[in-house]
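Heads up, the thing below is written out as structure tokens.
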Amino acid sequence: MPKFTRLAAALALCAASLGSLAAQAADEARYNQVAVRAEVSQEVAHDLMHVTLYSELQNTDPAKLADEITRTLNSAVEKARKAKGVTVSLGSRNSYPVYDEKGQKITAWRERAELRLESADFATLSQLSADLMGQLKMAGMNFSIAEKTRKNHEDDLIKQAVDAFKARAQLATNALGGKGYKLVNLSLNSAGFQPPQPIMMRAMSAKGYADAAAVPEIEAGTSRVSVSADGTIEVQMP
């Protein structure tokens, strides 16, 4: 048999042997493996308040309408910027035609523009919102957890989730009659659920807002922040 033929046959045999060993090793690596999951959660108080105000007007002249809306928004923005600790931004703005009863002829134009306010100081933002109600209308109010607050709570929950995972891994090992376990892999995931929060407000009448005398009484509520630990262990049998 030529030398190169014998060499090729030897290499093929080695490759087959290595493939067999690799497959065997892979099978052994999966031996007595158990998927384990642990999850911990915590209710966290909302510490960020969001308010959306808007101006909506109608005029037969679209240019005059746009100018009036802009002046109203500029005045509100100027006043809002004076409030300490309040982030001010403009939201959506759109206009659309108003038709006659037959829906054939445009009789006027209507425009709506939003002003969005955000702050961790609920009292200041509540007072500012009440003050602006003479110029604008309330579109919505909601609450959330600030990014820094969420991260701090998630960092604490990660430690708890790992401890909970270890406890479950040991429980599974004991249930199988193992003498110990090895950690094969572990992934940590966080999630936060923020359901719509009821808002308690007093003096919601149009007169109260027009006079800018009534300040909303706030119940910010909480959201549940959770961290899960998902992984695989390999139980070592006696």
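The values are calculated or read from the model by the stated rules, or taken from the named source; none is laboratory data. Computed from a predicted model, the values in this text were never measured in an experiment. Don't worry about glycine lacking a Cβ; one is built from the backbone with ideal geometry, like all the others, and counts go over all protein chains shown.
At a glance:
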| item | result |
| --- | --- |
| Among (1) at pLDDT below 95; (2) among the basic types (Lys, Arg); (3) within 27 Å of the chain's Cα centre (by Cα) - the single one residue 81 does not satisfy | (1) |
| Residue among 65, 53, 73 that alone is in the same structural domain as residue 108 (by TED's automatic domain parsing), farther than 23 Å from residue 141 by Cα and buried (at least 18 other Cβ atoms within 10 Å of the Cβ) | 65 |
| Residue pairs meeting the criteria (Cβ under 9 Å; at least 6 apart or on separate chains; first under 16 Å from residue 154 (Cα atoms) and touching a residue at least 24 places away in the same chain (Cβ under 8 Å), in segment 223-237; second among the aromatic types (Phe, Trp, Tyr) and assigned to a strand (DSSP E or B)) | 223/143; 223/193; 224/193; 225/193; 226/193 |
| Hey, residue 118 modelled with pLDDT of 95 or more and under 21 Å from residue 67 (Cα atoms) or not | no |
| Selection status of residue 186, part of a helix (DSSP H, G or I) and modelled with pLDDT of 70 or more | no |
| Any pair with Cβ under 7 angstrom, 6 or more apart, that starts in segment 177-188 at a residue that is within 12 Å of residue 230 (Cβ to Cβ) and ends at one that is polar (S, T, N, Q) and in a strand (DSSP E or B) | 184/33; 184/232; 185/232 |
| Number of the exception - residue 141 against (1) at pLDDT 95 or above; (2) in contact with a Ser or Thr (Cβ under 9 Å, 6 or more places away or on another chain) | (1) |
| Residue 68 vs. criteria of a type outside the set (Gly, Ala, Ser) and at pLDDT 95 or above | yes |
| Residue tally, condition under 26 Å from residue 63 (Cβ atoms) and surrounded by 19 or more Cβ atoms within 10 Å (Cβ to Cβ), over segment 119-135 | 1 |
| Residue 213, sole failed condition from (1) at pLDDT below 95; (2) part of a strand (DSSP E or B) | (2) |
| Cβ-Cβ under 6 Å pairs, at least 6 apart or on other chains, segment 59-76 side free of Cβ contacts under 8 Å to residues at least 12 places away in the same chain, far side of a type in the set (Ser, Thr, Tyr) and assigned to a helix (DSSP H, G or I) | none |
| Which numbered condition residue 40 fails, given (1) in the same structural domain as residue 108 (by TED's automatic domain parsing); (2) at pLDDT 95 or above | (1) |
| Residue list for segment 56-81, restricted to those being part of a helix (DSSP H, G or I) and touching a strand residue (DSSP E or B) at 6+ places or on another chain (Cβ under 9 Å) | 62, 65, 66, 68, 69, 70, 72, 73, 76, 77, 80, 81 |
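Every residue, every condition in (1) outside the structural domain of residue 74 (by TED's automatic domain parsing); (2) loosely packed, with under 15 Cβ neighbours inside 10 Å; (3) on the phi > 0 side of the Ramachandran plot; (4) touching a Pro at 6+ places or on another chain (Cβ under 8 Å), yes or no:
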residue	(1), (2), (3), (4)
102	no, yes, no, no
117	no, no, no, no
137	no, yes, no, no
173	yes, no, no, no
